[in-house]
């Protein structure tokens, strides 16, 4: 007799484990299948969490090295890379155990193994078939690769290998100027590597607001990170002396090569749907391999898809929002995700955060808008903290004044963006934000001043 459940979730990442917990809270009989030894998916094991641990540690290291004298302090610090990696691993271990605890607390069964759909309401895990009323596909994504570039996680690494290097390379080439490349490139640059970012496009952070892209590029260059924009990597070869990265201009020709000790391939991620048995129920995917959904439902009856394996931004918190919505829909409640208010954060120094529309998107859509902008050089707390790079920008509808987006590069941007998220969720006007009292001195005053600037009455610049 096979096991029977209300819902089986394939994948134990941010989408999967949160869906399982919420389903358990709603009284459903639920199981979560995960092929890794630990829960948490890419985000917790080899992504968001370990990278933030190293970003925080190396930011403190660089601050002590470079910024203490200007604040009246003298200190000598040394980086112990293996110890730093071990500290990161301890944080990850503690958090994965925390998910196990939450599963037990909410009556979620954790099934270890690889889940495959073998029929309507049937999932096979290493030879054992489980029956369920609903299946949720939450299998996440995997590293996108380049032709002629073989990742070995030692010299040629993905984000996974870059989080476990035991010594600082002298020269690191980062292929891709997106979030992952800039974050991990920052980690190893702070520890002493000469980092060069090679990006196919002529901008970094593709899809971001153009003013933010330009400011970010200036800031990273000031930090001694090098950039080769408008170039594509054609080949990486190994030799006894190291690696040679061969490139050409993105539009062809103009060959140029670079030497490196380590190459980080960070050109993005692709949905992981291989071997899941989607064809068994004729579950549709698009040309890039993403599972197609309508209101989180796939083309198969009672099969849902959430997170990186389906369309939308590949963000852990987007997967979490979808996970709660799907669990509630399965339980007969009104699950909902507002895709217009999903923030994105780059955890470099300074941080970069964005929500809603960019100026370019508003122009393309023909939406009339107005903007306000405020530099951190004019923010008193930022000046006290010696963190004045960047700005806060707020965009609002030219006629209704409803906030349409915000883009921040500066200290604590990843935290400050959320006051704009809350405002947007309640359809607030920029004047609402401008007239909301903010404590002084705080860096978040910059957001308020940017909202004030929309009508030209910012008072601190």
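May I ask you to say which residue of 203, 197 is surrounded by 16 or more Cβ atoms within 10 Å (Cβ to Cβ), without any contact (Cβ under 8 Å) to a residue 60 or more places away in the chain and not in a strand (DSSP E or B)?
Numbers: 197 fails: not in a strand (DSSP E or B).
Unique residue meeting the criteria: 203.
Of everything in region 125-177, what is over 21 Å from residue 114 (Cβ atoms), in contact with a helix residue (DSSP H, G or I) (Cβ under 6 Å, 6 or more places away or on another chain) and buried (at least 20 other Cβ atoms within 10 Å of the Cβ)? Give them in sequence order.
Across region 125-177, the qualifying residues are 159, 162, 163, 172, 174.
So, of the residues in region 278-310 that are touching a residue at least 60 places away in the same chain (Cβ under 8 Å) and in a helix (DSSP H, G or I), which turns out to be surrounded by the most Cβ atoms within 10 Å (Cβ to Cβ)?
Among them, the one singled out is 307.
Among the numbered conditions (1) in a loop (DSSP other than H, G, I, E, B); (2) crowded, with 17+ Cβ neighbours inside 10 Å; (3) in the same structural domain as residue 30 (by TED's automatic domain parsing), tell me where residue 313 comes up short.
Status for residue 313: all satisfied but (2).
Could you please find all residues in region 412-461 being in a loop (DSSP other than H, G, I, E, B) and touching a helix residue (DSSP H, G or I) at 6+ places or on another chain (Cβ under 6 Å)? Break it down into steps so the answer makes sense when it comes.
Quick first cut of region 412-461, residues in a loop (DSSP other than H, G, I, E, B) only: 412, 426-428, 435-444, 454-461.
Answer for region 412-461, where residues must be in a loop (DSSP other than H, G, I, E, B) and touching a helix residue (DSSP H, G or I) at 6+ places or on another chain (Cβ under 6 Å): 438, 441, 442, 443, 444, 454, 458, 460, 461.
Looking only at residues that are in a strand (DSSP E or B) and out of contact with any helix residue (DSSP H, G or I) (no Cβ under 8 Å at 6 or more places or on another chain) in region 1-32, which one is surrounded by the fewest Cβ atoms within 10 Å (Cβ to Cβ)? Break it down into steps so the answer makes sense when it comes.
Quick first cut of region 1-32, residues in a strand (DSSP E or B) only: 3-10, 30-32.
Among the residues that remain, those that are also out of contact with any helix residue (DSSP H, G or I) (no Cβ under 8 Å at 6 or more places or on another chain) are: 3-5, 8.
Working: 3: 16, 4: 12, 5: 21, 8: 29.
Applying the filter and picking the extreme gives 4.
Given (1) surrounded by fewer than 16 Cβ atoms within 10 Å (Cβ to Cβ); (2) touching a residue at least 24 places away in the same chain (Cβ under 8 Å); (3) out of contact with any helix residue (DSSP H, G or I) (no Cβ under 8 Å at 6 or more places or on another chain); (4) closer than 28 Å to residue 56 by Cβ, identify the lone condition not met by residue 229.
(4)
Can you confirm whether residue 413 is in contact with a strand residue (DSSP E or B) (Cβ under 9 Å, 6 or more places away or on another chain) and closer than 14 Å to residue 395 by Cβ? Walk me through it before giving the result.
On the way: in contact with a strand residue (DSSP E or B) (Cβ under 9 Å, 6 or more places away or on another chain): yes; closer than 14 Å to residue 395 by Cβ: no.
So residue 413 fails the test.
For region 339-354: of the residues being more than 13 Å from the chain's Cα centre (by Cα) and more than 15 Å from residue 56 (Cα to Cα), which is surrounded by the most Cβ atoms within 10 Å (Cβ to Cβ)? Give the derivation first.
So in region 339-354, the residues more than 13 Å from the chain's Cα centre (by Cα) come out as 339-341, 349-350.
Filter once more, so that each one left must be more than 15 Å from residue 56 (Cα to Cα): 339-341.
Numbers: 339: 10, 340: 12, 341: 18.
Among those residues, the one meeting the criterion is 341.
Would you check which residues across region 61-86 are surrounded by 15 or more Cβ atoms within 10 Å (Cβ to Cβ), in contact (Cβ under 8 Å) with a residue 60 or more places away in the chain and out of contact with any helix residue (DSSP H, G or I) (no Cβ under 7 Å at 6 or more places or on another chain) and list them?
The answer is 81, 85.
Determine if region 258-267 includes at least one residue that is part of a strand (DSSP E or B) and surrounded by fewer than 19 Cβ atoms within 10 Å (Cβ to Cβ). Steps first, answer last, please.
Start the filter on region 258-267 by keeping residues that are part of a strand (DSSP E or B), which leaves 258-260, 262-265.
Those still in the list that are surrounded by fewer than 19 Cβ atoms within 10 Å (Cβ to Cβ) too: 259.
Within region 258-267 (the criterion being part of a strand (DSSP E or B) and surrounded by fewer than 19 Cβ atoms within 10 Å (Cβ to Cβ)), the answer is yes, since at least one residue qualifies.
Could you check, for region 361-369, whether at least one of its residues is outside the structural domain of residue 63 (by TED's automatic domain parsing), assigned to a strand (DSSP E or B) and either under 30 Å from residue 399 (Cβ atoms) or at pLDDT 95 or above (or both)? Before you say what the answer is, go through the steps one by one.
The initial filter retains those residues of region 361-369 that are outside the structural domain of residue 63 (by TED's automatic domain parsing), namely 361-369.
Of the ones still in play, those that are also assigned to a strand (DSSP E or B) are 369.
Checking the rest, the ones that are also either under 30 Å from residue 399 (Cβ atoms) or at pLDDT 95 or above (or both) come to 369.
Yes: one or more hits.
Kindly indicate whether residue 116 is closer than 22 Å to residue 291 by Cβ and assigned by TED's automatic domain parsing to the domain that holds residue 41. Steps first, please.
Numbers: closer than 22 Å to residue 291 by Cβ: yes; assigned by TED's automatic domain parsing to the domain that holds residue 41: yes.
When the stated conditions are applied, residue 116 passes them.
All but one of (1) part of a helix (DSSP H, G or I); (2) more than 17 Å from residue 307 (Cβ to Cβ); (3) touching a residue at least 12 places away in the same chain (Cβ under 8 Å) hold for residue 97, so report the exception by its number.
Only one criterion in (1) part of a helix (DSSP H, G or I); (2) more than 17 Å from residue 307 (Cβ to Cβ); (3) touching a residue at least 12 places away in the same chain (Cβ under 8 Å) is unmet by residue 97, namely (3).
Can you find even one residue in region 232-251 that is part of a loop (DSSP other than H, G, I, E, B), touching a helix residue (DSSP H, G or I) at 6+ places or on another chain (Cβ under 9 Å) and over 16 Å from residue 267 (Cα atoms)? So that I can check it myself, show each step before the final result.
Keep residues of region 232-251 that are part of a loop (DSSP other than H, G, I, E, B), which gives 240-241, 250-251.
Adding the requirement that they be touching a helix residue (DSSP H, G or I) at 6+ places or on another chain (Cβ under 9 Å) leaves none.
There is no residue in region 232-251 that is part of a loop (DSSP other than H, G, I, E, B), touching a helix residue (DSSP H, G or I) at 6+ places or on another chain (Cβ under 9 Å) and over 16 Å from residue 267 (Cα atoms).
Please go through region 87-111 and give me each residue that is surrounded by 12 or more Cβ atoms within 10 Å (Cβ to Cβ) and within 22 Å of residue 165 (Cβ to Cβ), ordered by number.
87, 88, 89, 91, 92, 93, 95, 96
As an exercise: evaluate residue 254 against (1) touching a strand residue (DSSP E or B) at 6+ places or on another chain (Cβ under 9 Å); (2) at pLDDT 95 or above and give the number of the one condition it does not meet.
Every listed condition holds for residue 254 apart from (2).
Which condition breaks for residue 348 when tested against (1) outside any strand (DSSP E or B); (2) more than 22 Å from residue 393 (Cα to Cα)?
Answer for residue 348: the failing condition is (2).
Is it the case that some residue within region 70-84 is more than 26 Å from residue 190 (Cα to Cα), at pLDDT 95 or above and in a loop (DSSP other than H, G, I, E, B)?
Looking for residues that are more than 26 Å from residue 190 (Cα to Cα), at pLDDT 95 or above and in a loop (DSSP other than H, G, I, E, B), one finds none in region 70-84, hence no.
The values are calculated or read from the model by the stated rules, or taken from the named source; none is laboratory data. Remember, predicted model here, so these are calculated numbers, not experimental data. Glycine gets a Cβ as well: all are built from the backbone with ideal geometry, and neighbour counts include every protein chain shown.
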